[in-house]
Amino acid sequence: MATPEGQIEAAFFDGQTARRWVARIAPSQDGLSLIIEREGAPRLVWSLDRLRALTDQSDRSRLTLTQLAETEDEAPRDPARLIVTDPDAIAWFLRTRPGLMRRDVRAGTFRKVALWLGGAAAAVVLMLFVILPGLADFLAENLPVETEVAFGKSVMRQIEWMVGDEDGADLTCRNEKGLAALDTMKARLIGNRDLGYDLDLRVFDHEMVNAFAAPGGQIVIFRGLIDEAESAEEVAAVLGHEIGHVVARDPTRLSLRAVGSAGILSVVLGDVTGGTVIAAAGDHLLQTSYTREAEAVADIYALGLLNDAGVDSAPMAGFFDRIAKMTDILPEYLSSHPLSAGRAEAARSNAEAQHGTTPVLTASEWQDLRKICED
């Protein structure tokens, strides 16, 4: 392809019709252009500097060529295509045209992409921090109780699997005297209140020092917490706190936020057994990732229960004092929960105003509760 007389054959498509033209091509006399001749059609002149190969349709045995053009496409290319299969011509194009494989983009494309990415990021932030939390809050207040209870039971099964042994043994403690003591404590705290749920209160035989509430009025206290407690009143304070979360529907709100849009849709449609979304909810409940405001409100509710039941809140302060030594590392404004030291002080101040309190359990009932996981 040194001169026009050295023409070689190629295939040409004009980009307007489906017709395949047999073309003869050669460089111009001045070496700046590529001459494309077709029988019965005007000669075309393509600038060699604007010549581009379609990389996804080209290799060393075939080149699909077009030219740089002002179009509305993100990659500004002329719609016409020239297909070259002659090995010597292909070698010449690859050797002499360094910009042949260049990926051109239309002016303003990067700015448009940046705007699209920014818009997508803003949409994700809006979905995660505004729409989903708002939808979760709305559903937490309006979800039918029977659906919420079914959702909570599925979450409970997942949590039991997460913290249980490999053999899948039942974690629920069933010592009759211990259960009777637990029922006595629950009845003492609730009194005649209508909580909107029939509380399902259980103790799990696990050393974790924890307690949590699940959707639908289900509360679990771990044996490790009872072992750590120095009195029945400390356990009662924790139970009152979890009842506060139940009444505020905090577990449902937290779970719905955890499962995301797919999980929310499943719950709305009545499918409350999806393993992946339920696992996310269970993990969040185990971590008790409530806001500081939700924790503070649950504390206030617990103190109200203790006051109405005539149960001393000073042991609650003592329990938080011990927990504070283990957990109060960060300043409160960096923590998602109120600091235990501050919670202890609130319980202590409440205790100073109490009068005529009596033990929530007898000494023997307290010992029964401590043995609730024994056969």
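The values are calculated or read from the model by the stated rules, or taken from the named source; none is laboratory data. The model shown is predicted, which means the values in this text are computed figures rather than measured ones. Here the Cβ positions follow ideal geometry from the backbone for every residue, glycine too, while neighbour counts run over all protein chains shown.
Tabulated values for the structure
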| item | result |
| --- | --- |
| Every residue from the stretch 196-254 that is outside any helix (DSSP H, G or I), of a type in the set (Val, Ile, Thr) and closer than 16 Å to Ala298 by Cβ | Ile219, Val220, Ile221 |
| Flag for Leu256 being of a type outside the set (Phe, Trp, Tyr), at pLDDT 90 or above and crowded, with 17+ Cβ neighbours inside 10 Å | no |
| The stretch 358-375 - residue that is in a loop (DSSP other than H, G, I, E, B) and out of contact with any Leu (no Cβ under 8 Å at 6 or more places or on another chain) and, of those, farthest from Val235 (Cα to Cα) | Asp375 |
| Subset of the stretch 160-172 [part of a helix (DSSP H, G or I) and either without any contact (Cβ under 8 Å) to a residue 12 or more places away in the chain or crowded, with 23+ Cβ neighbours inside 10 Å (or both)] | Trp161 |
| Residues of the stretch 173-196 satisfying the condition of being free of Cβ contacts under 8 Å to residues at least 60 places away in the same chain and in contact with a helix residue (DSSP H, G or I) (Cβ under 8 Å, 6 or more places away or on another chain) | Lys186, Leu195, Gly196 |
| Selection from the stretch 329-350 of residues that are within 16 Å of Val238 (Cβ to Cβ), in contact with a helix residue (DSSP H, G or I) (Cβ under 6 Å, 6 or more places away or on another chain) and at pLDDT 90 or above | Ala347, Asn350 |
| Selected residue (only one of Asp183, Asp194 is surrounded by fewer than 16 Cβ atoms within 10 Å (Cβ to Cβ), among the acidic types (Asp, Glu) and modelled with pLDDT of 95 or more) | Asp183 |
| Of the criteria (1) part of a helix (DSSP H, G or I); (2) over 21 Å from Leu361 (Cα atoms), which one Thr184 fails | (2) |
